[in-house]
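What follows is a single structure, written as structure tokens, with notes after it.
The values are calculated or read from the model by the stated rules, or taken from the named source; none is laboratory data. Because the structure is a prediction, the values reported are computed rather than measured. Using ideal geometry, Cβ is built from the backbone for each residue, glycine included, and neighbour counts are taken over all protein chains shown. Accessible surface is based on the protein model in full, side chains and every heavy atom, while ligands, DNA and RNA are left aside. Shrake-Rupley method; radii C 1.70, N 1.55, O 1.52, S 1.80 Å.
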Amino acid sequence: MPRKHRRRQLNENALNSQSLDELKQIFGESTDLLIRPFPGGHVVYLRTQIDQVRLEETVLERIRHGFQLDRISSAYVLPVHTFAQATQEVLDGSALLVVDGQQEAYAVRINLTEHRAIEEPSTESVIRGPRSGFTEELDLNLYLVRKRMRTPSLRVEEQIIGEITRTRVALLYEEGIVEPNLLREVRSRLQTIKIDGVLESNYIEELIQDSPFSMFPTIQNTERPDVVAGALLEGRVALLVDGTPFALVMPLTFWGALQASEDYYSHYTIATAIRWIRFTFLFISLLFPSIYVAITTFHQEMLPTNLLLSVAAAREGSPFPALVEALLMEVTFEALREAGVRLPKPVGQAVSIVGALVIGQAAVEAGIISAPMVIVVAITGIASFTIPRYNFGYAMRLLRFPIIILAGSLGLFGIVVGLMLLLIHLCGLRSFGIPYLAPLAPLSLSGLKDVLVRVPHWMMRSRPRQVGKRNLQRMPAGQRPAPPTPHAEGGGEAE
Amino acid sequence: MKQRTRISLLAVSLALMTSGCWDRREINDVGFALATAIDLSEDQQFEATVQVAVPTALSPVSKQGGSGNNGQSVMSIHASGGTIDQLRARIQKQLSRRLNTSHRRLIVFGEDMARHGLEDVMDELSRSPANRLRTFIVVAKGMRGAEFLDTHYPIEAYPSEAIRELEKMGFGAETTLREFFIAATLPGSEPYVSTYTLEKDHNPVFQLQGIGVFKDMKLVGTLDRQEAQGFLMLLGKLKVGEVTVRIPSSPQDDITVQVKKVKSKPNVILQNGNQPQVSYQLDVVGEVSENTTVLDLMNPKYIAELDQAVSAGIQKQAQAALKKLQSYKSDALGIGTAIYRQEPVIFDQFADQWPQLFAKQQVGIEVNVQVRQIGMLGPQLRLRDKEVKK
């Protein structure tokens with residue numbers, strides 16, 4: 001409906017009650033559209049979108065005796081010429097001043113700015129690091145990013161996506177660092193989107209990602225403004241979508257998905273160690289149940305004898321083959337996890353208690369599930385939560401199941417087959433033209449300084465070559481702190 | 001393209017479904033052999049006794065079950081036959097689970113069997129991939145191996161574990177299948193294994209008796225405990241040993257020295273062109289563990305005497321071991337191998353007659369002992385100061 005009016009000029013014939021009727025028609029019989037007369041014209045606004053107090057103070061009070069533009073004390077006053085513009089302004093929370101006999105109307109933005117407080121992001125919490133997270137309000141989110149990067153070269157390009165929702169999407173990049181090709185690619189992908197509505201950034205993610213069938217995310221989502229700022233500094237591009245606290249950051253590599261923001265906020269030795277724990281547990285979360293199944297059903301000779309006998313004793317009474325047991329328990333665990341997320345908070349506790357019984361002691365004592373399997377599932381469960389990017393963890397958790405089946409039917413051979421297929425897939429993946437496994441494959445030795453280890457900041461002198469090749473240097477050399485040398489008078493530089 | 005995807009999907013799913021889980025053996029459908037005893041019956045047939053683990057009784061977790069196995073941690077199955085594979089098949093017919101030997105840790109040969117020769121049984125042990133090369137081999141001295149497996153040994157979960165642990169302690173030969181095969185196939189060496197008996201005076205328990213030496217896969221004789229110690233020192237393998245000696249300053253009383261570290265190095269020198277001369281250089285580090293003399297061992301003079309005496313003692317043990325081996329014509333020390341490694345061409349000239357030559361081979365043994373520690377005190381604690389001979 002609204003499209004029909006888009007090209008109609010507001011001043012087709014001088015503004016008058018006729019154009020007000022037209023506006024009324026556009027909004028239908030919406031009860032929150034109010035048209036209030038004032039001497040010499042009318043104010044049109046959506047009651048639900050504007051701040052009543054501000055309406056009274058900045059508009060109504062000033063035009064009590066007739067409209068005068070310079071009396072309006074709002075920061076945002078825009079002359080409006082078309083119906084489309086007028087409609088959009090009203091929808092965005094402006095009071096539209098239609099003055100009799102004038103060629104243009106004026107939109108005064110007095111929108112209601114209700115938003116929740118800036119809170120700690122719940123999906124990416126840190127021990128050390130900024131605690132502020134994005135909210136659902138785009139402007140507030142932009143503020144959070146701008147506050148961290150106080151430079152004019154931080155560029156914000158806003159566009160509207162969604163025919164009906166008309167969602168504001170802001171593209172952020174750091175001019176001078178960002179690779180123009182990447183920027184062009186992101187822009188062109190955004191332009192191709194034609195959709196009725198965008199309720200969350202995932203709508204956009206799925207419409208612009210490289211491999212739509214892959215389980216692995218090629219676009220990072222984050223709730224943290226500091227993560228966005230960090231990405232922009234590396235030469236990556238961010239998308240902020242109105243209505244969701246989840247910003248999109250692209251491109252994303254496999255290794256990027258395993259880096260947590262806190263890696264950069266804690267001592268590099270600890271960050272490196274924790275990164276390796278993550279790598280280890282990534283494999284555990286993917287493979288541990290499969291290896292257990294494969295070894296206990298095909299390769300018993302691989303276990304140390306005492307362990308084997310313990311496992312054999314524990315499995316003695318259990319009615320299911322190891323494969324069935326593993327699938328059963330893993331599915332149960334995933335169901336519990338899902339229930340825990342989805343259940344209303346007051347019942348959450350009930351789930352954890354019952355859940356602990358189901359996949360715990362009770363199942364073992366009843367002789368339905370063997371104890372080692374409970375341990376395996378528990379470790380796997382913990383392992384899958386060590387992955388900092390939640391959606392990356394999903395891929396691992398989901399891929400676990402086919403690999404368990406492969407392990408149960410072909411043994412270790414099956415696991416290797418599964419891993420090979422996975423590796424082939426990962427090697428073929430790209431994120432906005434960047435190989436998913438970069439910088440390990442293709443190998444870039446300098447890139448490894450932030451992949452296998454996290455080198456200290458004074459050694460991280462260049463940006464990741466893959467995205468930041470336009471402006472590689474992050475900082476000049478020779479910034480390693482050192483105690484002052486006694487002989488050097490002018491404060492000699494340490495090697 | 002689409003058709004190709006379809007066909008490949010079909011192929012993969014068919015491959016998965018038709019092949020199924022063809023090798024799948026659930027862990028509780030497998031009977032794990034822990035030890036095997038192989039004996040020779042009176043009618044020259046092989047007899048095997050296999051000890052199979054009963055997991056429920058072995059596990060600390062499921063003790064409360066009490067599923068009627070009387071707490072027996074192992075189950076013995078016995079069969080006789082002409083070949084090892086026949087034995088295996090016959091044992092399988094008595095066992096409700098599939099026999100798996102990959103966790104077997106011990107093979108016991110009865111003395112009769114060992115003297116008869118192991119060449120017939122060793123093929124299966126080396127051929128089948130299910131056998132673990134780290135399985136220990138021992139000989140039951142003067143008895144049947146099966147008796148061994150029936151011994152009750154409460155401190156270990158199953159009796160064969162006791163022998164394995166004893167072997168690993170380093171008193172014995174620690175011969176595994178792998179070492180047995182290596183020694184049996186190397187030019188100029190013969191295999192040796194530990195021999196055990198049952199100490200029957202009190203409760204029957206295993207006891208390391210000595211070392212049995214083989215020749216042409218047949219047990220030809222055994223070394224007693226003293227000779228075994230000398231033998232293991234010559235091999236440099238000894239981990240635990242002791243020598244009791246008397247020193248000139250106190251010729252009536254014993255001092256016992258624990259052997260802590262042994263380094264042994266055979267030297268081969270050719271004389272007259274093709275006469276290999278072999279000599280061993282033994283470097284031993286010891287520690288006084290008992291002193292019944294009145295001497296204060298803090299005095300370096302006594303330690304020097306002690307070094308001398310212990311060297312002599314070790315030399316005696318080593319010579320005795322060597323003499324015994326020469327009388328068996330079995331070069332379990334691998335002297336021939338040492339010659340072969342240094343002078344392969346020359347060794348090849350007399351490789352065939354090596355057992356005879358070994359029996360006459362002159363071997364020099366030089367022992368250098370260093371007693372480095374004397375324990376917590378010099379003289380005995382009970383002695384008064386004036387009784388101590390400083």
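Full extension from A:Ala441 to A:Glu163: what is 0.36 nm times the residue separation minus their Cα-Cα distance, to one decimal in nm? Let's see the in-between values first.
Values: separation 278, 0.36 × 278 = 100.08 nm, distance 4.06 nm.
Between A:Ala441 and A:Glu163, full extension yields 96.0 nm more.
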Point to revise | 10 °C / 1.306 mPa s Stokes-Einstein diffusion coefficient of the range A:138-252, Kirkwood radius on C-alpha pairs, µm²/s | key: 113
Review point. At what distance in nm do the modelled label points of A:Val453 and A:Gln361 sit from each other, each positioned 7 Å from its Cα along Cα→Cβ?
Key: 4.6
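Of the peptides A:333-346, A:211-224, B:77-90, how do they stack up when ordered by the mean number of other Cβ atoms within 10 Å, highest first? Let's see the in-between values first.
Values: A:333-346: 12.5, A:211-224: 19.3, B:77-90: 16.7.
In descending order of packing, they fall as A:211-224, B:77-90, A:333-346.
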Point to revise | Ordering of A:229-236, B:4-11, A:279-286 by packing [mean C-beta count within 10 Å, highest first] | key: A:229-236, A:279-286, B:4-11
Review point. When you look at the Cβ of every residue in B:27-33, what mean number of other chain Cβ atoms sits within 10 Å?
Key: 6
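Using a 1.4 Å probe and counting only protein heavy atoms, arrange B:Leu149, A:Leu34 so the residue with the most accessible area comes first.
Highest to lowest solvent-accessible surface, that is A:Leu34, B:Leu149.
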Practice item. Would you work out if the range A:267-435 is rounded, prolate or oblate? Take a ≥ b ≥ c from the square roots of the eigenvalues of the alpha-carbon gyration tensor; rounded if a/c is under 1.5, else prolate when a/b is larger than b/c, oblate otherwise. Key: oblate
Study note, to complete from the structure: With a Förster distance of 51 angstrom and the Cβ-Cβ distance between B:Arg97 and A:Phe213, calculated FRET efficiency to the nearest 0.05 equals 0.65
Exercise for review: Work out from phi, with θ = phi - 60° and the Karplus expression 6.51 cos²θ - 1.76 cosθ + 1.60, the ³J(HN,Hα) of each residue of the range A:255-264, listed in order in whole Hz, and give x for Gly and Pro.
Suggested key: 6, x, 5, 9, 9, 9, 4, 5, 3, 8
**Study point:** Accessible surface of the range A:177-287, 1.4 Å probe, proportion on carbon and sulfur as whole %
**Key:** 63
Study note, to complete from the structure: XL table B:Lys239/B:Lys389; B:Lys239/B:Lys265; B:Lys239/B:Lys324; B:Lys93/B:Lys141; B:Lys141/B:Lys260; Cα-Cα > 26 Å flagged, in table order, is B:Lys239/B:Lys389; B:Lys93/B:Lys141; B:Lys141/B:Lys260
Review point. In terms of modelled amide H atoms, which long-range or inter-chain residues lie less than 5 Å from the amide H of B:Gly241?
Key: B:Val259
Check your understanding: Using a 1.4 Å probe on the protein chains only, how many percent of the accessible area of the range B:152-215 belongs to carbon and sulfur?
Key -> 55
Practice item. Would you grab the residues whose amide H sits under 5 Å from the one on A:Arg454? Only those 5+ places off in sequence or on another chain, please, with H modelled 1.01 Å from N. Key: A:Thr272
Study note, to complete from the structure: Amide H proximity to B:Gly142 below 5 Å, modelled H, separation 5+ or other chain, gives B:Glu111
Point to revise | Shielding by partners, peptide A:294-304 (average Cβ within 10 angstrom, other chains) | key: 4
Practice item. Using just the helices of the protein assembly as shown, give the 222 nm mean residue ellipticity in deg cm²/dmol: DSSP H runs with n ≥ 4 each add -39,500 (n - 2.57), and the total is spread over all residues, rounded to 500. Key: -11500 deg cm²/dmol
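Report, in cubic angstrom per residue, the convex hull volume of the C-alpha atoms of the range A:3-109.
Numbers: hull volume 9.2 nm³, N = 107.
Dividing the Cα hull volume of the range A:3-109 by its residue count gives 86 Å³.
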Study note, to complete from the structure: Here the range A:424-440 yields Karplus 3J(HN,Hα) values (6.51, -1.76, 1.60; θ = phi - 60°; whole Hz; Gly and Pro given as x) of 4, 4, 5, 5, x, 6, 9, 10, 6, x, 9, x, 5, 8, 4, x, 7
Revision key, fill the gap. So the A/B interface buries, both sides summed and with a 1.4 Å probe, an accessible area in Å² (nearest 100) of 2200
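Convex hull over the alpha-carbon atoms of the protein assembly as shown: what's its volume per residue in Å³? Could you put the intermediate results ahead of the total?
Working: hull volume 291.8 nm³, N = 885.
In the protein assembly as shown, the Cα convex hull volume per residue is 330 Å³.
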Study note, to complete from the structure: Over the Cα atoms of the range A:389-446 the radius of gyration and the largest Cα-Cα distance (Dmax), both in Å, equal 13.7, 42
Study note, to complete from the structure: Here the range A:338-354 yields Karplus 3J(HN,Hα) values (6.51, -1.76, 1.60; θ = phi - 60°; whole Hz; Gly and Pro given as x) of 5, 4, x, 6, 8, 5, x, 3, x, 8, x, 5, 4, 5, 5, 5, 4
Practice item. Show me B:196-202, B:284-290, A:434-440 ranked by packing, highest mean number of other Cβ atoms within 10 Å first. Key: A:434-440, B:284-290, B:196-202
Point to revise | Dipole of chain B [Lys/Arg +1, Asp/Glu -1 at C-beta], most positive-end residue of B:Ala321, B:Gln353, B:Tyr340 | key: B:Tyr340
Point to revise | Within 10 Å of each Cβ in B:47-55, the average number of Cβ atoms from other chains | key: 2
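Can you tell me the equivalent ellipsoid semi-axes for chain B? Use √(5λ) from the Cα gyration tensor, largest first, whole Å.
Numbers: eigenvalues 442, 172, 95 Å².
Output for chain B: semi-axes of 47, 29, 22 Å.
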